[in-house]
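Readers should treat all values here as calculations from the given coordinates under stated rules, not as data from a laboratory. These figures come from a predicted structure and were not determined experimentally. We place every Cβ from the backbone using ideal geometry, glycine too, and count neighbours over all the protein chains shown.
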Amino acid sequence: LNPAVSMDEEAQGVHGISDEMVAKAPYFSDIYPRLSSIFGQADMMIAFNAEYDIDALTRECCRSVLPPLVLPYLDPMKRLKNEIAAKGTNGRIKNPKLKECADYYGIEFKETELHNSLYDTEVTLEVFRKAISNYRATA
């Protein structure tokens, strides 16, 4: 999507997308009707680090003067925190990264695809499936 504003250098470093790459891309308001339709058909959203995505969607809706896209959600990152038990630099359990969850469940994870939204979604789905499978096996 074209954010209609110049991208921050730090953000470009994370996702590798430049202003030039999105110059001719559609704006959020262009895809909003389709997103709204998809959200309208769903009972729940499953997203890794869902609060980040919800905040981003809410900001874009506000910037575009459009109604927010709201759904109940399940966040595997939060749900698996204690099971994965990833430790932060202080030695305490932290929210696991998607790669840590993938590693825990033996899911191949390509570092070169990190922050590619479609790839992250596919890995999140696999993590979710493995977590459900493990839950059913122990229930």
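Being polar (S, T, N, Q), without any contact (Cβ under 8 Å) to a residue 60 or more places away in the chain, surrounded by 12 or more Cβ atoms within 10 Å (Cβ to Cβ) and out of contact with any strand residue (DSSP E or B) (no Cβ under 8 Å at 6 or more places or on another chain) is a property that Asn2 lacks. Scanning segment 64-107 for residues that are among the small types (Gly, Ala, Ser) and exposed (fewer than 15 other Cβ atoms within 10 Å of the Cβ) yields Ser64, Ala85, Gly88, Gly91, Gly106.
Note on segment 40-63: residues that are surrounded by 15 or more Cβ atoms within 10 Å (Cβ to Cβ) and without any contact (Cβ under 8 Å) to a residue 60 or more places away in the chain total 8.
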